[in-house]
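Beneath this line is the structure, given in structure tokens, with notes to follow.
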Amino acid sequence: MKNIITKTSGLILVLWIVSSVWANPIFASGTRNVTVADSTHYKTYRGKIVGKLNNSPLAYADITVEGENTSTVSNSHGEFVIKISKESKAENIVISHLGYKNLLVPLSGLKHRHNLLRVEPVAVVLNQVYIRPGPVDQIVRKVLENIGKNYPQKPYQMTGFYREFIKKRNHYVSLSEAVVGIYKASYKSLYNDQVRIIKGRKGSNVRRMDTLLFKLQGGPATGLMLDIIKNPYVLLNNDMLTHYKFNLVNEVKKDNHIYYVIHFEPISNTGVPLYSGKFYIDVNTYALASADFFLKLDNPAEAAKLFIKKKPFGAKVTPTSAHYIVNYHEQNGKWYFNYAKGEVAFKIKWKRHLFSSVYSTSFEMAITDREDQNVVRYKPSERFKQNQIFSEKVQAFSKKDYWGKYNYIEPNQSIASAIRKFRRILKK
């Protein structure tokens with residue numbers, strides 16, 4: 001049991017909470033000067049993805065350029081932006097989401113903005129009898145047995161977009177984001193994944209912190225740890241088969257694949273934080289396509305030890321929720337790490353204070369491009385490491401069209417508002 005616990009901190013949002021009397025907004029520069037691409041070399045399309053029956057936004061839907069490795073995901077409100085090179089030969093983009101039919105959208109029919117794409121839900125109709133391998137835990141065991149067949153056995157160079165923030169109640173107190181380069185090691189290799197910052201920006205408003213200065217450790221390196229196929233000690237390993245129970249609750253469809261939906265939870269209360277959640281497993285290949293899971297907080301004091309690296313004297317920090325998502329995308333019979341998200345909420349109670357302060361932290365990472373040519377590991381000086389503070393490595397918010405040719409996750413309304421506010425602070 002000890003092995004599956006001590007490693008969980010690898011994907012936890014680790015916080016340094018430092019007491020300070022007051023501080024002005026702090027901005028730093030650390031990324032390389034990258035030339036912004038001329039927009040005449042690519043086309044930009046913006047829109048919103050909703051369910052066809054009720055027009056509800058589809059969060060974290062995949063938007064993929066057909067026949068290419070360019071992709072992005074919709075934000076929490078279903079909104080997206082995707083940039084496609086004018087040299088691209090692609091004619092369509094493909095929208096996919098669990099529980100919905102794939103939507104093929106001709107680029108010729110898209111406007112540059114205000115596209116509303118309605119995706120039709122799909123019911124699972126089993127045209128054949130799927131033979132389930134005995135107990136449900138055997139399905140999970142087959143995921144482990146088929147990793148070599150389902151996931152890339154050679155390294156890839158990936159480009160991704162990473163964003164993290166800290167909020168006090170509904171107010172953003174810091175927001176950092178970057179385009180990152182990723183050396184994605186082979187799933188059969190003992191090499192770890194590596195990440196470097198290509199270009200990034202940040203803003204903060206320390207006035208909101210009420211004498212606390214937060215630092216979020218790990219950044220995009222933590223996002224990569226959520227690839228639980230590459231890093232099985234985080235959750236999905238043989239120890240899990242011993243200490244968790246599994247229940248087949250449903251089947252859903254996506255990308256013309258049918259998935260088992262398997263709920264898991266600890267067999268007993270160990271006193272040490274474990275996870276509960278769902279796996280989405282392809283019924284034919286036994287590839288893990290998605291995982292959605294929570295850290296159980298039955299023992300908040302033990303959970304706090306995982307999250308908090310340092311805290312000021314007299315403050316009691318209690319995690320109240322911890323939620324993680326990881327998605328994989330199938331292409332030509334292989335499954336690729338595609339998206340990761342982590343959210344943690346907690347409260348801080350000071351001695352002699354009547355009320356607690358409520359904070360939340362979040363990160364997300366989307367893979368926007370992938371190639372298998374000229375793949376090399378990064379120099380030590382280039383790598384972003386798990387013990388580093390991401391917000392200390394990027395520069396201040398500045399010009400509006402900052403990302404140039406790079407794809408990114410469209411900010412939802414509240415994030416866009418925070419970005420505008422940070423720009424105003426910088427100008428003062």
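For (1) open to solvent by 30 Å² or more (accessible area, probe 1.4 Å); (2) closer than 28 Å to K167 by Cα; (3) at pLDDT 95 or above, each residue gets a yes or a no:
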{"position": "K7", "(1), (2), (3)": "yes, yes, no"}
{"position": "W22", "(1), (2), (3)": "yes, yes, no"}
{"position": "S29", "(1), (2), (3)": "yes, yes, no"}
{"position": "V34", "(1), (2), (3)": "yes, no, no"}
{"position": "S39", "(1), (2), (3)": "yes, no, no"}
{"position": "Y42", "(1), (2), (3)": "yes, no, no"}
{"position": "I49", "(1), (2), (3)": "no, yes, yes"}
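May I ask you to list the residues in the range 370-413 that are more than 24 Å from K43 (Cβ to Cβ) and open to solvent by less than 50 Å² (accessible area, probe 1.4 Å)?
Selection gives V375, Y378, F384, Q388, I389, F390, S391, V394, A396, F397.
Any residue in the range 322-330 that is over 15 Å from the mean Cα position of the chain (by Cα) and surrounded by 14 or more Cβ atoms within 10 Å (Cβ to Cβ)? It would help to see each step written out before you state the result.
Of the residues in the range 322-330, the ones over 15 Å from the mean Cα position of the chain (by Cα) are 330.
Then keep just the ones that are surrounded by 14 or more Cβ atoms within 10 Å (Cβ to Cβ); that gives 330.
Yes, the range 322-330 contains at least one residue that is over 15 Å from the mean Cα position of the chain (by Cα) and surrounded by 14 or more Cβ atoms within 10 Å (Cβ to Cβ).
Considering only residues that are at pLDDT 90 or above and of a type in the set (S, T, Y), look in the range 370-416 and name the one that is farthest from the chain's Cα centre (by Cα).
In this case the residue turns out to be S381.
Among what's in the range 42-80 and is in contact with a Gly (Cβ under 8 Å, 6 or more places away or on another chain) and in a strand (DSSP E or B), pick the residue that is farthest from L110 (Cα to Cα).
P57
Can you list residue pairs whose Cβ atoms sit under 9 Å apart, with the first residue in the range 182-199 being over 10 Å from A221 (Cα atoms) and the second being acidic (D, E) and open to solvent by 50 Å² or more (accessible area, probe 1.4 Å)? Count only pairs 6 or more apart in sequence or on different chains.
Listed pairs, sorted by first residue: I197/E382.
Quick one: in the range 60-100, which of the residues that are touching a residue at least 60 places away in the same chain (Cβ under 8 Å) and charged (D, E, K, R) is surrounded by the fewest Cβ atoms within 10 Å (Cβ to Cβ)?
E79
Working carefully through the options V143, V125, V73, find the one that is at pLDDT below 95 and closer than 30 Å to N247 by Cβ.
Working: V143 fails: at pLDDT below 95; V73 fails: at pLDDT below 95.
Selected residue: V125, the only one of V143, V125, V73 that is at pLDDT below 95 and closer than 30 Å to N247 by Cβ.
Conditions tested, residue by residue: (1) in contact with a strand residue (DSSP E or B) (Cβ under 9 Å, 6 or more places away or on another chain); (2) modelled with pLDDT of 95 or more; (3) under 29 Å from T285 (Cα atoms).
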residue: I131; (1), (2), (3): no, no, yes
residue: K167; (1), (2), (3): yes, no, no
residue: G181; (1), (2), (3): yes, yes, no
residue: Y191; (1), (2), (3): yes, no, yes
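R113 passes all but one of (1) in contact with a strand residue (DSSP E or B) (Cβ under 6 Å, 6 or more places away or on another chain); (2) at pLDDT 95 or above; (3) over 13 Å from H329 (Cα atoms); (4) not aliphatic (A, V, I, L, M); which number fails?
Failed condition: (2).
Restricting to the range 373-428, count the residues that are hydrophobic (A, V, I, L, M, F, W, C), over 28 Å from I63 (Cα atoms) and part of a loop (DSSP other than H, G, I, E, B).
The qualifying residues number 0.
Just to be sure before I move on: is K2 surrounded by fewer than 18 Cβ atoms within 10 Å (Cβ to Cβ) and modelled with pLDDT under 50 in the structure I sent? Can you show your working first?
Values: surrounded by fewer than 18 Cβ atoms within 10 Å (Cβ to Cβ): yes; modelled with pLDDT under 50: yes.
Taking the combined requirement at face value, the residue satisfies it.
Out of contact with any Asp or Glu (no Cβ under 9 Å at 6 or more places or on another chain), open to solvent by 40 Å² or more (accessible area, probe 1.4 Å), closer than 29 Å to V261 by Cα and of a type outside the set (D, E, K, R): is that true of P57 in this structure? Break it down into steps so the answer makes sense when it comes.
Details: out of contact with any Asp or Glu (no Cβ under 9 Å at 6 or more places or on another chain): no; open to solvent by 40 Å² or more (accessible area, probe 1.4 Å): yes; closer than 29 Å to V261 by Cα: yes; of a type outside the set (D, E, K, R): yes.
In short, no.
When the range 179-206 is examined, which residues are found to be closer than 20 Å to N407 by Cα and open to solvent by 30 Å² or more (accessible area, probe 1.4 Å)?
The one that is closer than 20 Å to N407 by Cα and open to solvent by 30 Å² or more (accessible area, probe 1.4 Å): R196.
Restricting to the range 349-368, what's the tally of residues that are surrounded by fewer than 20 Cβ atoms within 10 Å (Cβ to Cβ), part of a strand (DSSP E or B) and not aromatic (F, W, Y)?
Let us first name the residues in the range 349-368 that are surrounded by fewer than 20 Cβ atoms within 10 Å (Cβ to Cβ), namely 349-358, 360, 362.
This time we only want the ones that are part of a strand (DSSP E or B), so: 349-350, 357-358, 360, 362.
So of that shortlist, the ones also not aromatic (F, W, Y) come out as 349, 357-358, 360, 362.
Of the residues in the range 349-368, 5 are surrounded by fewer than 20 Cβ atoms within 10 Å (Cβ to Cβ), part of a strand (DSSP E or B) and not aromatic (F, W, Y).
Would you check if A303 is farther than 19 Å from E164 by Cβ and open to solvent by less than 10 Å² (accessible area, probe 1.4 Å)? Step through it out loud before you land on a result.
On the way: farther than 19 Å from E164 by Cβ: yes; open to solvent by less than 10 Å² (accessible area, probe 1.4 Å): yes.
Yes: the conditions hold for A303.
I'd like to know if the range 247-266 contains one or more residues that are part of a loop (DSSP other than H, G, I, E, B), touching a Pro at 6+ places or on another chain (Cβ under 7 Å) and either modelled with pLDDT under 90 or farther than 21 Å from P121 by Cβ (or both). Can you show your working first?
Within the range 247-266, the subset part of a loop (DSSP other than H, G, I, E, B) is 255-256.
The next check asks that each one be touching a Pro at 6+ places or on another chain (Cβ under 7 Å); those that pass are none.
No, the range 247-266 contains no residue that is part of a loop (DSSP other than H, G, I, E, B), touching a Pro at 6+ places or on another chain (Cβ under 7 Å) and either modelled with pLDDT under 90 or farther than 21 Å from P121 by Cβ (or both).
Quick one: in the range 418-428, which of the residues that are in contact (Cβ under 8 Å) with a residue 12 or more places away in the chain and open to solvent by 20 Å² or more (accessible area, probe 1.4 Å) is farthest from V180 (Cα to Cα)?
Of the residues in the range 418-428, the ones in contact (Cβ under 8 Å) with a residue 12 or more places away in the chain are 418-419, 421-423, 425-426.
Among the residues that remain, those that are also open to solvent by 20 Å² or more (accessible area, probe 1.4 Å) are: 421, 423, 425-426.
On the way: K421: 24, R423: 22, I425: 26, L426: 24 Å.
Filtering first and then ranking leaves I425.
Is it true that some residue in the range 278-298 is modelled with pLDDT under 90, basic (K, R), open to solvent by 70 Å² or more (accessible area, probe 1.4 Å) and part of a strand (DSSP E or B)?
no
The values are calculated or read from the model by the stated rules, or taken from the named source; none is laboratory data. Quick caveat: nothing in here was measured; it's all calculated off a predicted structure. All Cβ positions, glycine included, derive from the backbone under ideal geometry; neighbour counts span all protein chains shown. Just the protein is used for accessible areas: all its heavy atoms, side chains included, with ligands, DNA and RNA removed. Shrake-Rupley method; radii C 1.70, N 1.55, O 1.52, S 1.80 Å.
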